[in-house]
Structures are given as structure tokens and as C-alpha cells.
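Structure, as C-alpha cells:
None of the figures in this text is laboratory data; all of them are computed from the coordinates on show. Note that the structure is a prediction, hence the values are computed from the model and not measured. Heads up, the Cβs are rebuilt from the backbone with ideal geometry, glycines too, and the neighbour counts pull from every protein chain shown.
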Amino acid sequence: MFDQQDRKNDIKFRAKVIFEIILALSTISVINLYRLQISNADKYLLMSNKNRIRLAPIVPRRGRIVTADGEIVATNICQYKLVMERSDAKTFRENMKIIRQCLTISEEDAASLNEARRKKYPFIIVKDRLSWEEYSKLSMVLFKLNGVSITNTYSRNYPVGPEFAHIAGYASGSSRDASIYNGKSGIEHYANEQLRGKFGNIQTEVNATGKRVKIIDSLEPTVGEDIILTIDSRLQKYVYDTLSLERAGAAVVLDLSSGEVLAMVSIPSFDPNLFSQGMTKTQWQEVTGNPMFPLINRAVNCSYPPGSIFKIVVAFAALCEGIISPKDRIYCSGGIKLEDRVFHCWNRAGHGYMNLTDALRFSCDCYFFEISRRLGIDRIVGYAEKLGLGSETGLELPTENSGLLPTRRWKFLHYGTTWKPYETMLAGIGQGALLATPLQLATMLGKIYAGNTDFSPTLIKNQRKNKKFDIKNTLDSRHLTIIKDALRQVCTSGTAARSCNTDYGISGKTGSSQVKKIKSHEVGMSQSRIPWKWRDHALFVGCAPVPNSRYVVAVFVEHGGGGASVAAPIARKIFDWLLLTTPPEKKSQRQDANE
Amino acid sequence: MNKNFPNECKILFATLFLLLLMSFLGQYSAFGGQLEGSTLQHAGRIVIGLVVMCGVYTVNFRFWNNFAYLFYAFIFASLIAVDLAGTVKLGAKRWVDLYFFTFQPSEPMKLALILALARYYSPLSQFEVEQLRSHTLPVLFTILPVVLVLRQPDLGTAVLLAAAGCCMIFLSGFPLKTFVAIIASFVVLCPFGWFFLHDYQKNRILTFIDPDRDQLGMGYHILQSKIAIGSGRLWGRGFLQGTQSKLDFLPEKNTDFIFTTISEEFGFAGAVLILLLFLALCSYFFWVASESRTKFSKLTCYGLGISLFLHVFVNISMVMGVLPVVGVPLPFLSYGGSSMISFMISCGLVIAASGQKRVVST
């Protein structure tokens, strides 16, 4: 007993206990080290790298947008900006004192800059878009400033301006970094990836205070690709100038052999530079608050009732379905009675007996009331779909409107009611709920003249190389000949005879689509006496020359009045330019661009 | 090897040489890889420390037996001087300015306490040791400097002083049951000590319990230290390649966090090597103690070994986030003169003790 007590109090025994504790604690330490440096090493290495490595993008030069004849529509211009690195309050004050001798910076701006400095961003932009005068003044005093430098960035510029605003669209600087441009509309948006190129980056090592120590690695950016449009800039400008005489409208010119869009204009237009380079508040309100909506591309993003132009589709459907033969005649008394309502022909005196050609030539409504009644809405819609209406044409522009082909199903889904017979008749003359974009109408005519439903418009050069029409989609040429002949007669002795009877030969169809029901006191009233917003839309689609057609033109004038009186003369001018005036330099330039 | 040194000292010299080499490399790296200013100062301290160590060895070990109380009294007086007229650095009053250098008496206090307690217990018989009454003076010896150091404030040193004192009292043969009872009641009463802590000490302990509490303050330091150690992996990022220390993400990379700096650059291998070197040094101290003939030298060597290990354990646990950050230097490796000199003196004392054994045995 005593021995054991003695041993327990012995210094050697107690030292042994302590040494064992020491060994145990050492083992714990090794285990802790193992957990940090072996088990979780990857996690901590990642955190360590995250601490010190900063990744900054290098923005590539954005690709240009060029027309087929070499005119630059969108490009980049070099701009200088004054940048200050992260600094303390004293350095900031001293810098600002010198800078304000060269630049006019308001007290408010100076205060907000100081606020930005306090937020400890790596750098702050003192002033963007320095003028040459400011640039040279600043260069003189730059050596006195601490951590201040002038850097250059590229900003997006549209040298031509409003003529191409709806095609090229616009790109604006991102809110995070104004030098990174993103396409917001038009080709800029559609081909954003291609135009932007690939971002490079620069990896820098920073210390605990965020100061750059060295560059670790960098990846060079890939410059954005240029986009070549199918547009002919001279034609585009000519169409723009011609159409500018109207308040609002759109025009599309297609090359029949390739589907290339040679011109596409929407009136009114806007200056895309406002969006890419910044604008004042009043400019913003002017553009966005404009009742005429200049930002909308009326040729593609808006659909309208096609009016009499739709009669081409109905006539083609009737021929294909064997509803009517070209010689069959229908009597037009100036109106047709259905149930208790009377549906008038535009000519209330009546056209008398009409065959298909005459009905198209004089755009007789009664004739088409009758044959659309015989066809029924389902068959009409089927042929309209075949000719490209009711769905996007696939043009290389964003937010294309698909138009509207009303069907029984659509009526039920939207109104919860059944389809009424009179609605078929209204659809037969392109009124009612039926809607189409001017581009769709041009494409529709293109499909008829190309004789194949594979015809479709394109805006980017060489996009559809080697694309051949599928023989399965060929339209029946016997029926097409009848339609083409009728459309030719429209321009020689029909509704468009006054403006479109030319030597080279135009064939086409006019359209005046009502936007509201005509009240009894308005019957026969001149369009100029009706308020602008209730006037008819004026439309014309045409093809020239005859016989070997090369160009399709669609003209749409919003609330223009009459297709024959307003839209057809504009189309005539466009055809004249295309086929009669051919400036020699234009030819050579186009050949260059093609090579 | 100097033939005046005892043969067994070879182990100690080899270990010490490796530790001092690591110490120099660590400081060289932590100061940005430049052989000037602070790095040279550290090298100078190593040399001065080695000279002091030899000086201590040459003094007859019996001198320390006689000198122990005087030494304790002198250091205790210095601590009071610090309390009355100390130099304030980083918000703590720990240094006395001696005009040509500043001196931190709390470092040699650990040494003085061990010597004084060894001196006190050496003549006591087994019977006397078993009387609780005879332990009154050692407890006072321990508590008085602990209170003074806590007032500086320096929680880490105070804890280490208290721990060293306790171990000495335990070693001396304090009745086991009573000892266990006291420790147990102390652990129970510990939470009440909370009210006597300074705000910054409370913060450190709270941050230790919940590192997310203060991610940009103390929690940030612990996290950055863990990142640095962890990113070292098995073999380290390479000498002078530690990004956490080079880019100033690490706090106090020369002093309390020197182990982190070394672990980042030399990895798990380097960290374990340092731990093993300290363990070897500590084992050597224990071995000399167990072979010593006099109770004074036994107690002194055990005490010094325990103190050395406590420093190492608390320091590396602290930088790994296992213990709260309390400001304990890593022996020989941390930048700082007082710590370096006092651990060199420890080594000198142990060599002297081992020499005394040899002289007696031959």
C-alpha cells in the first residue's frame, strides 16, 4: 500500500504521465495538420488562389456590319477615358484639383466620384469620351497626377444612321462595363455572338490590399467577324428617301433568284448612335415616347391586315382545289347578303359578271366573298400557310412577327365562340382578324413567282449558298400562269394601271385594308377627310420585269389611304430605279463585293 | 563538437541546429526574401542566443540553485516596472524600455518561475511535500506573476505561466487526489473568469468558437492562416513561393504566425518535421531530467521541457484554428529577442544539468 502510494508520488512517475500527455497532444497536432494539408488541401489551395488571382476580361474589337456594295453600316470608333486607380482621400483630392483645371466637372459629379472611390473599386472612370481638346490638356498634366491614366476604348458607331437603323439595329454598352457591347436589336442582336468575337482575359496577382503585383497569364481575344448584308446601300437610301415622304410605312425589295433582301426600310426611323453612345434624358423620352414608334421595324416586327393582296392566296387556293375554273363567272351586284347583314364590295355600284382574272384585276370583293365561302376557312388557311403566311419567314432579325391566320381553333381559344360564316368571307378579302407583315407579303409573292414554297428571304450574304429548292415543294405552274397573268393585267388595265403601266412590265396587286368599320355617313368619303389613324392602310406587292421577273417589291404605307393611289406609285419608283437607272459605279462595287 | 560539452549533447545540438536553420529560412522568407534589416537582426539574435547558451553552460549548475530566488525577484520587479511604466505596443503594456533595447519580462518570467519552484521544492522531504501547507509559497509564486501578466494584458503568457506552475507543483509530489479535485473545480469555475477578461480577449474566444462571427476581423486572420497552411499540401508551395504570406494575406507572419509561413512553403512534411524536432528537444530535456541526480536539476529540466512543449502546442494549435488566438510565440522560430534568449537559456541550463550529471557520474 505504502509502496504504491510512494510510487504515485514519485517524480519519475508523474513526469511519465506528463510525457504521455505531451505525446498525445503531439499526435493531435499531427492529425490536425493532416486534416488541413492533406484531406482539405485542394479546398484551401483553391481559396488561396481565389485570394490572390483576379481575372479581367480583354474585350475584342466588335465586327463591322457592311452592305453588299461595301458601305459600312456599323463600326467602332476609338474613344479616350480618364481613369483613376484606387486611392486614399488625400491623393484623390490632389488629383481632382489638377483634373478640374482641365475638365469641367460639376460639384455633384465630383461628390459621386468620391463616393465611388470610397466603395474601393479597383478603379473609377473620372470622365468618359474625352474630346481632343480635353485629351491634349490632360496629357500635359498627366505626370503630376498620381495613379491616373488615359485609356482608350472602342465605342460602337453607325456612320450611315437612320437608313439602316432597323436592319443593323444597335448595340449598347453593358451596365457593368461600357466597353462590352451587346446587340439589342437588328443584326447586332441576331449575330451578336459572331460580331462580338471571343473574350480574352488577363490573370493578375494582387496582394491583400488589392494592389496588382504581377501578370500571371493572359489570353488574347479573337476579333469579332464582320457581317456582310445583302442590302444594296444605294437602293436602301433611295427607298428610304422615297418612303420618307409618308408619315409611316415600310418597304421590302427582294431578289427573286436568291431571296436576298436588297432593301428593307421602315419609316419613321431613329439614330442608332443615340443608343450606342449614350443620350440625354430628353432624347430618350423623344425616342421612346414618340407616338409613331420609330424603334419598331414595320416590315418585320408588325403585322397588318393584308387587304386585297390576300386575294392572290384565295384565287390560287380556289384554282388548286378546282372550286372554280378561270372562265367561270360570278355576278357582283355591289354587295352580298348574309343572314341579316350586307357585305359590300368596295365598288357599291357593282362590277357585274366577273371571271377570276377580272376579279383580281378590279379587286372585286363579291367574287372573293363567294369563292371563299365555297372554299371554307380551313382550306384558305392551308394555302396561306403553304405560301408562308402565319409563320416567321426566318429572316435573320430578332423578334419577327408571325402574323395571324385565324382558324376555328384560334377563334375558340381567344373568344370562346364558334367560327361564323361571315368571318370566312372577311378573311377571303384579307380583312377581319387576318394579319401579315410586309415582308411576309413580299415572300408570298416571291414563292408564287419562284414557283416553289422553299423561297425565303435572307439578309446576310452567303448564308444560303448551294441551297436548292426541293422539287416536292413546287407549286402547280398551270395555276400560277393564270395568277401571274391576272397580276400582269392589274398593272396594265386594272387597279394599278395608272402608276404601274411600264415598258419593262410590272405585275402586282394593290391592297387597301380597312382599319375600322365604315359608318353609313362615311360611305364614299375621301380618305383625306378621315382622321389619319382611321384611314385605310395602303399596300402594294409587285414583281418586275415581265416576263423574266427578278425583283419583288412590297410597299406598305400605314394609314396611307389607297393601295393604288399611294403604295403603287412608290413601288413604281423603286422598280424604275432598279431597272432603268443603273449607275455604273454601283455595278462595279457590287461585283467587288461579290468577289 | 566542443569537447567541453557532454557527449549526449550531440542530439541537442543537431536538433537545435536544424530548428535554427528553419528559423532563419522562415524569417528570411517572411521578410520577403531579403538579406537585410530585420532578417539580419534575427540572425544576430540567433548568434547572441547561442553565446548566451554557452555562457549559461559555463556557469556551474549549483550557482542557479543559489541564484534562483534572486533571479525570480529581479524578473518579478521588472514585471511590476512594466505595470507602472511600461511601453505600450499594439495596445498592450508588455515591454520595458532599457534605452538600448526593449525587454519583455514576461518571457524570462517563465524561466524564473520554474527555477524558483525547483529551488523551493528541492530540499523538501517526501513527508513535507505531502503537507498541503508547504505548497502555499509555490502557489503564490505562480499566481502573483500571472495576475501581473494578465494586467498587461497578455492572456497567452498568463495561461502558459499558470500551466507551467501547475505542472511543477504536480511534479513535486502534490497529493494526487487533492490535485485532481482542484483542477476539476477550476474547470467548473472557469466560465466565471469570463467577466474578468478584456473585450478583445472575449472577442478572440467568441471568434474561436464561431469563426464566421467576425469574418473580416479575427475570423479573417484564422481563416487566412488555415488557407495558408492547407494550401501548402504535402510538400509545400516551395521556398519563397508562399503566396498567402508574400501578398500580406497573413497577419503577424513573422511572429505568432511564423509556423503558418513555414507550413505554406514546406507543406505537411516541413510542419511535421518542425513538430518532431521540438518533440525531440523536449524528450531530450526529459531524458536529462530523469538521469539527473539532484532534485533541483530534475525539476528544472522537467519544467523547461514542459514549458517548451506548451509553447509549441499552443502556438501551432492557435494558427490552425484549434485554440483561440492568444499570442504565444513559437520557440526559436518567432521573431522576437526576449523569447529567443530565454529559450536559449533553457537549453544552456539543460546542457549544464547534463554536464553536472556527467561530472558526478565519472
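Which loop chymotrypsin sites (Phe, Trp or Tyr not before Pro) in the stretch A:304-390, with loop taken from DSSP, have no more than 14 other Cβ atoms within 10 angstrom of their Cβ?
On the way: sites: A:F310, A:F316, A:Y331, A:F343, A:W346, A:Y353, A:F362, A:Y367, A:F368, A:F369, A:Y383; in loops: A:W346, A:F362.
Qualifying residues, ordered by number: none.
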What list of ³J(HN,Hα) couplings, whole Hz, do you get for the stretch B:109-119 from phi and the Karplus terms 6.51, -1.76, 1.60, once you set θ to phi - 60° and write x for glycine and proline? 4, 4, 5, 4, 4, 4, 4, 5, 5, 4, 4
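Expressed in whole Å with the largest first, what are the equivalent ellipsoid semi-axes of the stretch A:57-228 derived from the C-alpha gyration tensor as the square root of 5 times each eigenvalue?
Values: eigenvalues 227, 84, 37 Å².
Over the Cα atoms of the stretch A:57-228, the semi-axes work out to 34, 21, 14 Å.
Can you tell me the convex hull volume per residue for the stretch A:458-536, based on C-alpha atoms, in Å³ to the nearest whole number? Working shown, then result.
Working: hull volume 17.6 nm³, N = 79.
Cα-based convex hull of the stretch A:458-536, divided per residue, equals 223 Å³.
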Rounded Å value of the spacing that divides the Cα centres of the stretch A:405-430 and the stretch A:259-277: 35
Determine which lysines satisfy two conditions relative to A:K144: a Cα distance under 18 Å, and not lying fewer than 8 residues away in the same chain. A:K81, A:K90, A:K97, A:K127
Structure-based [θ]222 nm, the protein assembly as shown - -39500 (n - 2.57) summed over DSSP H runs of at least 4, per residue, nearest 500: -16000 deg cm²/dmol
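For the pairs A:K16/B:K298; A:K50/B:K202; A:K43/B:K226; A:K12/B:K298, note any where the Cα-Cα span goes beyond 21 Å.
Details: A:K16/B:K298 13 Å; A:K50/B:K202 31 Å; A:K43/B:K226 11 Å; A:K12/B:K298 9 Å.
In this structure, A:K50/B:K202 lie more than 21 Å apart at Cα.
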How far apart, in nm, are the 7 Å Cα→Cβ label points at A:I21 and A:D241? 10.1
Vicinal HN-Hα couplings computed from phi for the stretch A:114-131 (Karplus, 6.51 cos²θ - 1.76 cosθ + 1.60; Hz; Gly/Pro x): 5, 5, 5, 4, 5, 6, 6, 5, x, 8, 10, 8, 6, 8, 9, 6, 6, 7
Against the longest principal axis of chain A, how steep is helix A:584-594, in degrees 0 to 90 to the nearest 10, with axes from Cα atoms? 50
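Shielding by partners for B:301-308, please: the mean number of other protein chain Cβ atoms within 10 Å of each residue's Cβ. Mind dumping the intermediate values first?
Values: counts 1, 6, 0, 0, 4, 5, 0, 1.
For this peptide, the per-residue mean of nearby foreign Cβ atoms is 2.
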Starting from the stretch A:442-486, pick out the trypsin sites (Lys or Arg not before Pro) whose DSSP state is loop and whose Cβ has at most 10 other Cβ atoms within 10 Å. A:K465, A:K468
When you take every Cα atom in the stretch B:18-356, what is the radius of gyration, and what is Dmax, the widest Cα pair distance, in Å? 20.1, 60
For the stretch A:339-369 and the stretch B:139-154, compute the distance between their C-alpha centroids and round to whole Å. 115
For the stretch B:178-189, take each phi angle, set θ = phi - 60°, evaluate the Karplus expression 6.51 cos²θ - 1.76 cosθ + 1.60, and give the result in whole Hz per residue in order, putting x for glycine and proline. 4, 4, 4, 4, 5, 4, 4, 5, 4, 4, 5, 7
What does the highest-first list of A:74-80, B:125-131, A:371-377, A:220-226 look like by mean Cβ count within 10 Å? A:371-377, A:74-80, A:220-226, B:125-131
Taking Cα atoms only, helix A:233-243 is inclined relative to the longest principal axis of chain A by an angle, in degrees rounded to 10, of 60
Between A:T581, A:G524, A:A564, whose Cα lies farthest towards the positive end of the dipole of the stretch A:452-591 when Lys and Arg beta carbons carry +1 and Asp and Glu beta carbons carry -1, centred on the Cα centre? A:T581
The stretch B:287-362 and the stretch A:119-195 have their Cα centres apart by a whole-number Å value of 67
Mind listing the Cα extents of chain A along all three principal axes, in Å, largest one first? 137, 78, 52
Sequence-distant or interchain residues sharing an amide H contact under 5 Å with A:C345, placed H: which? A:G334, A:G335, A:I336
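Determine, for each peptide in A:106-116, A:505-515, B:338-348, the mean count of other beta carbons within 10 angstrom over its residues, then list the peptides with the highest first.
Working: A:106-116: 12.1, A:505-515: 25.4, B:338-348: 23.4.
Descending packing order for the listed peptides: A:505-515, B:338-348, A:106-116.
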Can you list residues whose amide H is under 5 Å from A:T458's amide H, if they're 5+ apart or on another chain and H is modeled 1.01 Å from N? A:E260, A:V261
Using amide H atoms built in the peptide plane, which far-off residues or other-chain residues are under 5 Å from A:Y304 H to H? A:A436, A:T437
Please find the FRET efficiency linking A:I77 to B:Q34, where r is the Cβ-Cβ separation and R0 is fixed at 56 Å, and quote it to the nearest 0.05. 0.70
Partner lysines for A:K327 [C-alpha distance under 22 Å; skip if fewer than 8 residues away on the same chain]: A:K311, A:K484, A:K509
What is the angle, in °, between the Cα long axis of helix A:41-52 and the longest principal axis of the Cα atoms in chain A? Nearest 10 is fine, range 0 to 90. 80
Under 15 Å from the Cα of A:K468 - aspartates and glutamates, other chains or at least 8 residues apart: A:E260, A:D454
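Based on the Cβ-Cβ distance of A:R529 and A:S333, what FRET efficiency does E = 1/(1 + (r/R0)^6) give at R0 = 25 Å, to the nearest 0.05? Walk me through the numbers on the way to the answer.
On the way: r = 27 Å, r/R0 = 1.10.
The value I calculate is 0.35.
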